[in-house]
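The values are calculated or read from the model by the stated rules, or taken from the named source; none is laboratory data. Small disclaimer: the values here were computed from a predicted structure and weren't measured. Neighbour counts are summed over all protein chains in view; Cβ atoms, including those assigned to glycine, are modelled from backbone coordinates with ideal geometry.
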Amino acid sequence: MNLELVFPVRRLAEGFKALVIPWEVGRNNYFLFVKFSKVQKAILIGTILGDACLQKTGQKNARLRLEHGDKQKDYLFWKVGQFPKLFQGESKYLERKHPLSGRIYKYWRHQSNSTPELGKWRDKFYKGGQKYIPKNLADFLQDRLSLAVWYMDDGYYYVRDKVSYIYLGRVSRAEAETARDAINENFSLMCKILDKKQKGFALYFSHSETLKFHSIIRASVLPMFAYKLSS
């Protein structure tokens, strides 16, 4: 059956098509079948590796949840803007109080519509309900835009020593090795794995590798993150 003849088709950004298909008769709820463009796919991969969360919303569907601190709200708005119909409504400003320190954390959140395509991406990057770095990461992390988004999410530039880090969080050493090897294989960058104890593992780029690293991603890094790049 040709779904485009049965259901309305919304043409969105270039390379992005959605079929709006009602999933329960008599209600306005719907999910989207989407096909991401090359740029959208690159951004999606980078932010899944970084701060984004893919939430399971059914047997085969998932939605993308973005959260960024108040100072990086424009970065969240930029991400949302790259997927013009996947995200609807307004981003939400939220506050959360730390139970021990009492410190107030101010942040912004936006959750996407639920789609089977995001469900497929969740299957690639989640295991047992937890996000992880898949062994075939090198098959996905091929675009410098993906690397740039990952760095904007989780990267750090240490100005004094002119070195860079990508924080991986609480992944296993095997996952950290997979990340290191994928970056080396696809971008010819050498990095070391550091155990940052409570912060988890991080990828460390020496000064010389940082210069190469930043030259690869510089054109894709947003101006608001210029402080993360060597001069």
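Table for the structure above
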quantity	calculated
Strands (runs of 3 or more DSSP E) completely within region 28-142 that count 3 or more residues being among the basic types (Lys, Arg)	92-97
Region 158-177, residues that are on the phi < 0 side of the Ramachandran plot, out of contact with any His (no Cβ under 8 Å at 6 or more places or on another chain) and not in a loop (DSSP other than H, G, I, E, B)	Tyr158, Tyr165, Ile166, Tyr167, Leu168, Arg173, Ala174, Glu175, Ala176, Glu177
In region 100-142, the residues that are acidic (Asp, Glu) and either within 13 Å of the chain's Cα centre (by Cα) or not assigned by TED's automatic domain parsing to the domain that holds Ala219 (or both)	Glu117, Asp123
Residues (surrounded by fewer than 20 Cβ atoms within 10 Å (Cβ to Cβ) and either at positive phi or not in a helix (DSSP H, G or I) (or both)) located in region 143-156	Asp143, Tyr156
Meets criteria (at pLDDT 95 or above, within 21 Å of the chain's Cα centre (by Cα) and either of a type outside the set (Phe, Trp, Tyr) or in the same structural domain as Tyr93 (by TED's automatic domain parsing) (or both)) for Leu49	yes
When residues of region 184-231 are limited to those that are assigned to a helix (DSSP H, G or I) and among the basic types (Lys, Arg), the one nearest to Asp143 (Cα to Cα)	Arg218
Flag for Lys131 being more than 18 Å from Ile48 (Cα to Cα) and surrounded by 13 or more Cβ atoms within 10 Å (Cβ to Cβ)	no
